[in-house]
Amino acid sequence: MADLKTTVDSSGSESSSCETPGSESNGTETRAQCEYKDEIVKDMAIEKMRQKLDTIVQKMEKDVERKLDLLVDDLVTEVKLFNLKNYELRQLFRETTSTITVGGTEKNSGRRRNASGKLAEKEFLARNSLLTDLFEVKHIKTIYHIFIVILIIMFLNTVVHDFVDRGSINLGLRPIIAGFGKFHIALLLWSCMQLTVFCIYPCFSIWANLHKLFVNNVLRKCYNICSIMGLISYQCIFVVAVIKSVLLLDLPPASSIAVLMEMTRFTMKMHAFVRSNIPRALLPCSKTSINDKPAHSTLLPTFSKFVYFLFAPTLVYRDEYPRTKRIRWSIVFRHALEVVGVVFYISFIFERFLTPLFDRFGDAQITAGNFVLTLFGSIMPGSLSFLCGFYCLLHAWMNAGAELLRFADRMFYRDWWNASSFPEYIRSWNVVVHDWLYTYIYKDSVEHLFKNCRPLATVLVFTVSAVFHEVILAFAFRFFYPVMFMQFEFMGLLLMFITRNVSKDAGNVLLWFMLCIGNGIQLSLYNMEYYARKNCPVSGASMIDYMVPVSWKCNGISHNPNWTITAPWDLS
C-alpha cells in the first residue's frame, strides 16, 4: 500500500509539473504527452494494486485453510474422546465384560496378545480417570458430597468430644504433626535422590556410544555384562543409601513412607528407562528400525524426554505420551485441596477411632477379650482409611500431577470395586504399578526367563511386589513385621485360585469381605507393634530386636482361664 501511495503521489506530481505554462504551439503536444504519461502511471498503479490484493487474498486463504484444518483436527479429537468416554461408561454399567480391541490388540480378562502372538505392549490413550467421568453422574456426585459431610461431622465430633471430656479443643492434628515431622529434611533428601537419578542418562549414553566401538563379539558381550552388573550395583547402592539416610535422620513414619515410596518409584523409573532403550541402543548404526530407515545422529531419546518421564505419572517409558493442550489450574487447585482434605480425614480417623484402641499396648497387659474387640473395632476405620488412601494417591494426587504435566492418559485405576475375583482386583486397583509389573517383570519373564511358564511369572510378580511393600513398611516403622508380605505372597496367591471360578456376586462380596478383614488385621497388628515399641522401647543393639515383635513379649496379651461365654439367649 505504501508503494501504491508513492506511485500515486509521483503521478500527481508529474501531472502538476505538466501543467506549467508554455508556448501555445507546444501546448497541445505537451498536454497530450502529459495525459499519456498519466494514463501509463495509472495503469502501473492499478497493476501494482491488483498484485498486492492477490497477495493479501492468498495469505488470507492460507490462514483460513490452516485454521480450518486445526478446527477439524480438534473436532475429530473431541469426537474420539466422546466416543471413548461413552464406551467406557457403557462398559461400567454392563454385567458382562466383552473383549476390547484397541490398535489391533485384544484385551480380555487380562490376557493381552498382539497379532504376532506375543504379549502386547502398554498403549497410552487420551482419557480421563474413571471417577472423573463418574462424577458427571449426579447420583454418584451425591456420594462424593456425603463423604464431605462425613468429614465435617467427624471434625465436629472430635472437637466436641474432647471439649466435653477434657475441657480442651483438639483439632485432630496430632497424627499429622507426629507423622510428617522433619518434612523439610525429607524434601532435601528427595532432592538429593532426584539429582542422583539424573546421572542415569549420561551413564547410559556413554554405554550406548562405547558399545558400538567393540568389534569383537566376546569383548562386546563382556562389556555388556559388566555394564548390567554396574547398573544393578548402582540401584542397590541407591536403595541402601536412601534407607540408611532415613534411619540416620530418624524421620517420622509418614515422612519415611513418602521418601521410601519415592525411592521405589525412582528405582522403577531407572529400570524402565534402561530396559526400554537397550534394544534401540543395540540396533546397527545403519538402521533405526526393522523398516531400514536412514540412521539419525543418535538412537537415544533426548535428555528432556528422560526428565519428563521422571516426573510423568507413569512407570512405563515412551518417547511421547498423549498431551493436553493447556493446564487447567482450577482442576489442579481442586485436586490439591482434595489431597489436603483427605489427609485431615485420615488424621481424624486415627485420632478419634484408632489411637484410643492401641495407645496402651506395651504399657499394660491387654486381655484376650480386649484384643478381639480391638481387632474388630479397627475393621471399619481401617476400611475407611483404605478408601481415603486410594482416593488421595491414585485419584487426586495423580490427576493433579498429570494436569500440571499435561499428561493426557489419566487411567490410573479401573473399576476395582466391581471386581469379582482377586486377579481382576490386582489388575484394576493400581494400574500404574500393574503396568510396570506386567511390562518389565511378567512380560519379560514369560518371553525370556521362564519361556511361557505363566505360573512362575505370576509368583515372581507377587514376590517383587511383596518385597517392595515390606521394605517400605519395615524401615518406615523401624521393625520387621511381615504382615504385608504374608498377605501378598500367600493370601494373594491363594485368593487368585479361590476366587477364579466364583460367581460375580459371590466373588464381589467375598473380595470386599477379605479386603475389610485384611485391612483391619493389618492395621491392628502394625499399630499394636508400633505403640508397644513406643511404650516399651528396645535397645536396638541387635537384629533380633527388630525381628521379634515387642507386642508379644512386653506386656502382651494375657489369657484369662476363667473366661466363659454366656449363651446370647440367656437373658436372666
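Tell me, what is the percent relative contact order of the stretch 437-547, built from C-alpha pairs under 8 Å that lie six or more residues apart?
It comes to 22 percent, rounded to a whole number.
Keeping all protein chains in position, work out how much accessible area residue 185 exposes to a 1.4 Å probe, and write it in Å² to the nearest 10.
Solvent-accessible area, nearest 10 Å²: 50 Å².
Which FRET efficiency value, to the nearest 0.05, do you get for residue 387 and residue 118 by plugging their Cβ-Cβ distance into 1/(1 + (r/R0)^6) with R0 = 25 Å?
It comes out at approximately 0.10.
With the cut-off at 32 Å, tell me which of the pairs 62/325; 118/504; 221/443; 138/269; 48/325 have Cα atoms farther apart than that.
Violating the 32 Å limit, Cα to Cα: 138/269; 48/325.
Please work out whether the stretch 392-485 counts as rounded, prolate or oblate from its C-alpha gyration tensor, where a ≥ b ≥ c are the square roots of the eigenvalues and a/c under 1.5 means rounded, while otherwise a/b larger than b/c means prolate and anything else oblate?
Taking the square roots of the gyration eigenvalues as a ≥ b ≥ c, the stretch 392-485 is oblate.
Mind grabbing the accessible area of residue 451 for me, 1.4 Å probe, Å², rounded to tens?
The value for residue 451 is about 140 Å².
Work out, in µm²/s and without decimals, the Stokes-Einstein translational diffusion coefficient of the stretch 370-438 at 25 °C, 0.890 mPa s, Rh from Kirkwood over C-alpha pairs.
177
In angstroms, what radius of gyration and Dmax does the stretch 126-284 have, counting Cα atoms only?
24.8, 82
If each of residue 456 and residue 150 carries a label point 7 Å out from its Cα toward its Cβ, how far apart are those two points in nm?
With each label placed 7 Å out from Cα toward Cβ, I get 4.6 nm.
Can you give the accessible area of residue 338 in Å² (nearest 10), computed on protein heavy atoms with a 1.4 Å probe?
20
Find how much the distance from residue 244 to residue 486 grows on full extension, using 0.36 nm per residue of separation minus their present alpha carbon separation; answer in nm with one decimal.
So the extension gain works out to 84.6 nm.
Can you give the FRET efficiency for residue 463 and residue 67, using 1/(1 + (r/R0)^6), R0 = 51 Å, r = Cβ-Cβ distance, to the nearest 0.05?
0.35
At what distance in nm do the modelled label points of residue 546 and residue 300 sit from each other, each positioned 7 Å from its Cα along Cα→Cβ?
Simple spin-label model gives 3.6 nm for this pair.
Could you let me know the centre-to-centre spacing of the stretch 493-514 and the stretch 137-188, using Cα atoms, in angstrom?
A separation of 34 Å, based on Cα centres.
Hey, with R₀ at 41 Å, roughly what FRET efficiency would residue 159 and residue 212 work out to, going by the Cβ-Cβ distance, to 0.05?
0.05
Measuring from centroid to centroid over Cα atoms, what is the spacing of the stretch 195-239 and the stretch 314-344 in Å?
One Cα centre to the other: 34 Å.
Quick one: Cα centre-to-centre distance for the stretch 345-424 and the stretch 33-66, in angstrom?
Each part's Cα centre sits 75 Å from the other's.
The values are calculated or read from the model by the stated rules, or taken from the named source; none is laboratory data. It should be emphasised that the depicted structure is a prediction, and the values quoted were computed from it without experimental measurement. Counting neighbours? That spans all protein chains shown, and the Cβs are built from the backbone with ideal geometry, glycine included. The protein model used for the area step is the full one, side chains on, heavy atoms only, and it has no ligands, DNA or RNA in it. Shrake-Rupley method; radii C 1.70, N 1.55, O 1.52, S 1.80 Å.
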